[in-house]
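Single-structure report; data block below.
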Amino acid sequence: RKAEAAILRSTEEKDELAPYVASFSSRGPNILSLDILKPDITAPGVDILAAWSEATTVTGVINDKRIVPYNIISGTSMSCPHATAVAAYVKSFHPTLSPSAIKSALMTTAWPMSPKTNTDLEFAYGSGLINPSSAIDPGLVYDAGEIDYIKFLCGQGYSSKQLRLVTRDNKTGCMKATNGSALDLNYPTFALVVSLSGDDTYFSRDFHRTVTNVGSPVSTYNAIVNAPKELDIKVKPNVLSFKSIGEKKSFVVTVAVKVGLPTVSGTLAWDDGVHKVRSPVVAF
C-alpha cells in the first residue's frame, strides 16, 4: 500500500537491421497451396508488453505460481492482435468493406521491407510491415466473396463433401462451373510456381484480377512495375480510370521468368498520384 518506485530516464536503442522478421517466425511458401503467397503481412510480435489474464500463471508451467496483470511475450500470437486492431480501425472508416477487402487494404499499403535483412524475401515478410495510417485509405481493394473461395477450393481438388464441411451448406458442390484456378483468386499478391517440365527457357502464367475503387470518385491509376531483369511483368491494360466509388476494373498480369533461377521477386503498384496500391510478385 505504500509502494515506491524510481522511474529512470529511458535510453533509445537504434537497430539498424529493423524492421526484420524474427528467426522463430514461420516462413512460406504454403505447401498446401503454393499458388497463394504466404505469409500475408508482418506485424509487431517480439517483446510485446500487454495485459495478461490472471486466470493463468506467467508461463503456464506447473510449478510456476506467479500471477501478473501484464506480461511480455513474443510470437505470432502477439502479431495477431496488432493486425486485428488495424483491421477494426480500417472497418471503422469503411464499415461496408468485406473481410477480403480489409485484408487487401492492409496488404497493399504495407511498408516495403528490405531483402538484405530478410533473406527469405516475401516468404518471410509477405506484403511488408503493417501500416495503419495508410490502410484506412487504400485507394483500390482486391475483393473476394464466398463464390470466389468456393471456386478456389474446387480448383485445389476439394470434393463436394469436403467443400460442404467448409461452407456448411449442403447445396454447394464442386462441378465444372465452380472449378477455378488459384491463379485467378482475387488476391492482392501474385505467386508464380515455376514448372521445370519441358525444355522451355521461360515459364509464364496469366493472373486475372479485379480492383474496386474506394478512394477518389474520379481517378486514374497507372501500373508501375518494379522488377529485376530476370522477372518480366506485363499488365494489360496498364491504365485504369474510375468515375465513381465502388466501380470495378479488371486487368491481366502476365508474369514470365527464366527457368532454373532461385526465388525472384518484384512489385506491381497502381498509382494515381495519391495512392500507391502495391502488390508483391514472386516467382519460385
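The values are calculated or read from the model by the stated rules, or taken from the named source; none is laboratory data. Since we're looking at a predicted model, the values are computed, not measured. FYI the Cβ positions are ideal-geometry reconstructions off the backbone, even for glycines, and counts take in every protein chain you see. Remember, those area values only see protein heavy atoms, side chains included, never the ligands or the DNA or RNA. Shrake-Rupley method; radii C 1.70, N 1.55, O 1.52, S 1.80 Å.
Counting every alpha-carbon pair across the chain, the share separated by more than 27 Å comes to 50%. Only the Cβ atoms of Lys and Arg (+1) and of Asp and Glu (-1) were treated as charged; on that basis the dipole of the chain about its Cα centre amounts to roughly 640 debye. Protein heavy-atom surface of the range 21-158, 1.4 angstrom probe: 62% of the accessible area is carbon and sulfur, with nucleic acids and ligands not counted. Computed over every Cα-Cα pair of the range 1-130 and binned at 10 Å starting from 0, the pair-distance distribution P(r) comes out as 11, 29, 31, 22, 6, 1, 0 percent. Between Ile72 and Trp111, the C-beta separation translates, for a Förster distance of 35 Å, into a calculated FRET efficiency of about 0.90. Every Cα-Cα pair in the range 127-284 was counted, and those over 26 Å apart are 38% of them. Here the range 174-253 has 51 percent of its accessible surface on carbon and sulfur atoms, given a 1.4 Å probe and all protein chains in place.
Ordering Ser98, Leu129, Ala191 by the projection of their Cα atoms onto the charge dipole of the chain, which places +1 on the Cβ of Lys and Arg and -1 on the Cβ of Asp and Glu, puts Ser98 at the extreme positive end. Each principal axis of the range 171-218 carries a Cα extent, and these read 48, 37, 13 Å when sorted largest first.
Kirkwood Rh over alpha-carbon pairs of the range 213-284, then Stokes-Einstein at 25 °C and 0.890 mPa s: what D in µm² s⁻¹, rounded to an integer? The Stokes-Einstein estimate is 186 µm²/s.
Largest mean-square fluctuation among Lys65, Lys229, Lys161, in a Gaussian network model of the chain whose springs join Cα atoms under 10 Å apart, belongs to Lys65. Label separation (Arg9 vs Tyr89): 3.0 nm, computed from points 7 Å beyond Cα along the C-beta direction. As a length-normalised measure over Cα pairs under 8 Å and 6 or more apart, the relative contact order of the chain settles at 17 percent.
Anisotropy class assigned to the range 140-208 is oblate, per the alpha carbon gyration tensor with a/c at or over the 1.5 cut-off and a/b no larger than b/c.
Heavy-atom accessible surface of the chain, averaged per residue, reaches 59 Å², computed with a 1.4 Å probe. When the Cα atoms of the range 78-214 are aligned to their principal axes, the ranges along those axes come out at 44, 42, 31 Å in descending order.
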